[in-house]
Amino acid sequence: MRKETKIIAFANNKGGSGKSTTCSNIGYVLAESGYNVLMVDADMQQNLSLSFFEEEDVLAFSESGENLFTAIKEERDASSFIRKTKYKNLSLIPSGILMSGAEFELYGKKEGEKTLARVLEGARKSGEYDFILIDSPPTLGMVVLNIMCAADYLLIPIEASPWGLFGLANMLDFFAKTKEQNPALSLLGIAVTKADERKTYFRQTMEFLEELENVNVFKTYIRIDSAVEWAQDNSQPVAAYKKNSRSAKEYAEMAKEMLEYVNR
Ligand SMILES: Nc1ncnc2c1ncn2[C@@H]1O[C@H](COP(=O)(O)OP(=O)(O)OP(=O)(O)O)[C@@H](O)[C@H]1O
Ligand SMILES: [Mg+2]
């Protein structure tokens with residue numbers, strides 16, 4: 001059956017805010033719930049790819065050129081680089097180390113900001129996927145502009161810290177500017193990750209976020225949990241690594257909130 005594909009970008013210029021972790025875990029939860037999910041790794045760090053594949057496979061994706069960078073550089077349908085993960089309903093287009101040069105490639109192209117949308121069009125129009133989730137690098141350059149132009153929704157994972165909030169202001173400005181180029185893009189919400197409920201700063205941050213106007217803040221936040229790191233060390237989403245862990249439940253809750261929002 002043909003599906004109407006929704007493309008969700010996970011982006012925040014603040015490094016280490018939980019983009020790759022949130023993207024991989026939400027992707028897994030959606031796939032487990034029966035949605036067909038394609039994940040797209042657009043970061044040279046290849047963290048999304050490492051979330052599902054062993055290091056040697058990820059290095060091979062990079063060296064072989066069978067990755068998103070080649071699709072962008074040569075304007076090839078990225079569908080030819082789709083890899084099935086070991087999980088049902090869950091596939092991935094890997095990144096490669098050369099994604100570090102994607103900014104340069106994109107500036108040289110006509111309508112360069114729409115390149116990613118063009119190379120993902122085949123996957124979108126195939127009607128095979130319910131969701132395409134894109135993991136972004138911690139920048140606000142041409143690659144992230146491309147991600148914004150390809151997406152229907154933006155999800156901003158943030159950490160409750162002073163610099164996390166500073167980065168959020170930049171991200172929200174960038175979102176407002178990119179909407180001029182992709183008016184269909186909407187802000188799905190802000191999701192707090194790596195939360196430490198014992199800290200006053202965390203509680204203050206939640207209060208601050210809740211007061212932002214016209215911005216959806218996920219009620220579910222993801223608390224710090226070492227199971228997340230052990231799962232990543234094992235190239236697995238946390239719910240596959242430790243089904244009953246606290247964070248597995250939190251990601252399931254967050255995905256539920258996300259579905260309610262996109263299905264409104
Ligand atoms: N709930 C959690 N509990 C413990 N550690 C976490 C949790 N979520 C993320 N981390 C860790 O925090 C670090 C940053 O997370 P992640 O890599 O997802 O952020 P990112 O925004 O993708 O980073 P980058 O900007 O480098 O792409 C990682 O080492 C990850 O293992
Ligand atoms: Mg990342």
Tally, over region 196-240, of residues that are of a type in the set (A, V, I, L, M), crowded, with 20+ Cβ neighbours inside 10 Å and not in a helix (DSSP H, G or I): 1
Say we look at region 2-17 and pick out the residues that are more than 12 Å from ligand 2 (Cβ to nearest atom) and assigned to a loop (DSSP other than H, G, I, E, B); which of these is nearest to the chain's Cα centre (by Cα)? T5
Do we have I158 as among the aliphatic types (A, V, I, L, M), out of contact with any Cys (no Cβ under 7 Å at 6 or more places or on another chain), surrounded by 18 or more Cβ atoms within 10 Å (Cβ to Cβ) and within 25 Å of A248 (Cα to Cα) here? yes
What is the one condition in (1) under 21 Å from S49 (Cα atoms); (2) more than 16 Å from ligand 2 (Cβ to nearest atom); (3) not in a helix (DSSP H, G or I) that E103 does not satisfy? (3)
Return the residue satisfying two criteria in turn: it lies in region 10-36 and is within 16 Å of ligand 1 (Cβ to nearest atom) and of a type in the set (F, W, Y), and of such residues it is farthest from A248 (Cα to Cα). F10
Exactly one condition in (1) surrounded by fewer than 22 Cβ atoms within 10 Å (Cβ to Cβ); (2) away from ligand 1 (no atom under 16 Å from the Cβ) is not met by T139; state its number. (2)
The residue that is nearest to the chain's Cα centre (by Cα), considering only those in region 40-60 that are over 19 Å from D233 (Cβ atoms) and away from ligand 1 (no atom under 13 Å from the Cβ), is V40
Quick check on region 142-190: of everything there that is away from ligand 1 (no atom under 16 Å from the Cβ) and under 11 Å from the mean Cα position of the chain (by Cα), which residue is farthest from R223 (Cα to Cα)? A151
What number goes with the only condition from (1) closer than 21 Å to G122 by Cα; (2) surrounded by fewer than 22 Cβ atoms within 10 Å (Cβ to Cβ) that I97 does not pass? (1)
Qualifying positions in region 26-54 - within 13 Å of ligand 2 (Cβ to nearest atom), closer than 21 Å to A150 by Cα and touching a residue at least 60 places away in the same chain (Cβ under 8 Å): M39, V40, D41, A42, D43, M44, Q45, N47, L48
Sort out which residues of region 206-250 are hydroxyl-bearing (S, T, Y), under 19 Å from the mean Cα position of the chain (by Cα) and more than 16 Å from ligand 2 (Cβ to nearest atom), and write them in order of number. T220, Y221, S247
Give all pairs with beta carbons closer than 7 Å in which a residue from region 225-242 that is over 17 Å from L92 (Cα atoms) meets a residue that is more than 16 Å from ligand 2 (Cβ to nearest atom) and of a type in the set (V, I, T); count only pairs at least 6 apart in sequence or on separate chains. A239/V29
Residue in region 133-140 that is of a type outside the set (A, V, I, L, M, F, W, C), more than 20 Å from A11 (Cα to Cα) and out of contact with any helix residue (DSSP H, G or I) (no Cβ under 7 Å at 6 or more places or on another chain) present: no
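Read the figures in this text as sums done on the coordinates, not as results from a lab. As the structure is a prediction and not an experimental result, all values here were calculated from the model. Note that we place each Cβ from the backbone using ideal geometry, even for glycine, and neighbour counts take in every protein chain shown.
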